[in-house]
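Read through the structure below, which is laid out as structure tokens, and then see the notes.
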Amino acid sequence: MQKKTEFKPKGIIPAVITPLTNDGKFNEKAMRKLLNYLIDGGVHGLFVVGTTGEFYGLTPEEKMEIYQVAMDETKGKVPVYAGTNGITTRETVMLTRIAEECKVDAVSVLTPMFVAPSQDQLITHFKTIANNTSLPVILYNNPPKTSVSLAPATVVKLAEVPNIVGIKDSSGDMTVTAEYIRLTRHLDNFSVLMGRDTLIYGALCYGAKGSIASCANVAPRLCVDIYEKFIAGDLKGSLNSQFTLAPLRIAFTLGTFPSVIKESLNLLGIEAGPCMEPAGPMTDDERGKLRKVLVDMGLLK
């Protein structure tokens, strides 16, 4: 039986992009620089090799290198969360063990994709992963990307597993997020984190403990303001920050994900490199529209 873990995910945790060189290799130097930019922006954790980090295009060896670089550069300043997403239970357990070897603070595990497991099969899947690691495990629900949903009743059952400590919800469905919170609110060691950047403020109002946010790559301070102003009781200030952030998340439709995040960073002078093909570069017209969004947000002159 797993021991109860004291680890409590909270705050603003950027879903960090994976900077690439022009020939598609992991750019360690750019990654180290980006991690420091985010820490300087006041973030409360760093989540590497997730959806925004293009986990689906990285080999296990590349993932291991990114985990190691993140741990080395962060030096304990904030917790490092590692994405260990696989289609099969076997693959996910293998990646989670690699992350544990790299001494990350927690792992985030997306539902399988391509296959369509039942809720009972999902419970077995996540329990097996949790039983094969001593690390805190955060469930990750993203049905727009995987076509697989974690039902609120399923999450309640998984929350009983001692080292399953939270869930990131990227469904974009506030009812689902609210149900996760309502049904687990009596648990001291389970955190619901918002995964849709337009809904951070709303989720905090319901009782979410923070957000794993892809927009925090580009605007870490602004995302942190939503959270910290809310915690300080400045609800109006928090909501204003949320409204300022919203156009960037809405602009995701301008290009193939995660190109808007990478192009935004490149426009800000932070080296992000290209996306993995076939997610190609944005057109000049799309880039022009994105530039206007960043100027209007006050991020770019």
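Side notes on the structure shown:
- All positions within segment 1-59 that are over 16 Å from Cys102 (Cβ atoms) and of a type in the set (D, E, K, R): Lys3, Lys4, Glu6, Lys8, Lys10, Asp23, Lys25, Lys29, Lys33, Asp40, Glu54
- So Glu228, is it more than 24 Å from Asn36 (Cβ to Cβ) and not hydrophobic (A, V, I, L, M, F, W, C): no
- Given (1) touching a helix residue (DSSP H, G or I) at 6+ places or on another chain (Cβ under 6 Å); (2) modelled with pLDDT under 95; (3) polar (S, T, N, Q), index of the condition Asn189 fails: (1)
- Pairs with Cβ under 8 Å, 6+ apart, first in segment 95-124 and closer than 13 Å to Asn141 by Cβ and in contact (Cβ under 8 Å) with a residue 40 or more places away in the chain, second part of a strand (DSSP E or B) and among the aromatic types (Phe, Trp, Tyr): Ser108/Phe47; Ser108/Tyr81; Ser108/Tyr140; Leu110/Tyr140
- Residue list for segment 134-173, restricted to those being polar (S, T, N, Q), touching a residue at least 60 places away in the same chain (Cβ under 8 Å) and surrounded by 17 or more Cβ atoms within 10 Å (Cβ to Cβ): Asn142, Asn163, Ser170
- The single residue among Ser171, Ser147 that is in contact with a Pro (Cβ under 8 Å, 6 or more places away or on another chain), over 20 Å from Val93 (Cα atoms) and small (Gly, Ala, Ser) turns out to be Ser171.
- Output for segment 179-234, where each listed residue is crowded, with 17+ Cβ neighbours inside 10 Å and β-branched (Val, Ile, Thr): Ile181, Thr184, Val192, Thr198, Ile200, Ile212, Val218, Val224, Ile226
- Residue in segment 113-135 that is in a strand (DSSP E or B) and modelled with pLDDT of 95 or more present: no
- Residues that are part of a loop (DSSP other than H, G, I, E, B) and closer than 12 Å to Leu299 by Cα, drawn from segment 244-278: Leu268, Gly269
- Taking segment 56-82 as the range and being within 21 Å of Thr128 (Cα to Cα), in contact with a strand residue (DSSP E or B) (Cβ under 7 Å, 6 or more places away or on another chain) and free of Cβ contacts under 8 Å to residues at least 40 places away in the same chain as the test, only Ala82 passes.
- Pair list, Cβ < 6 Å and 6+ apart or interchain, from segment 19-40 residues that are modelled with pLDDT of 95 or more to residues that are of a type outside the set (Lys, Arg) and in a helix (DSSP H, G or I): Pro19/Ala30; Pro19/Met31; Phe26/Glu62; Glu28/Val69; Met31/Val69; Arg32/Glu73; Leu35/Glu73; Leu38/Pro220
- Scanning segment 129-172 for residues that are under 20 Å from the mean Cα position of the chain (by Cα) and among the charged types (D, E, K, R) yields Lys145, Lys168, Asp169.
The values are calculated or read from the model by the stated rules, or taken from the named source; none is laboratory data. Note that this is a predicted model, so its numbers are computed, not measured. Cβ coordinates were reconstructed from backbone atoms using ideal geometry, including for glycine residues, and neighbour counts include every protein chain displayed.
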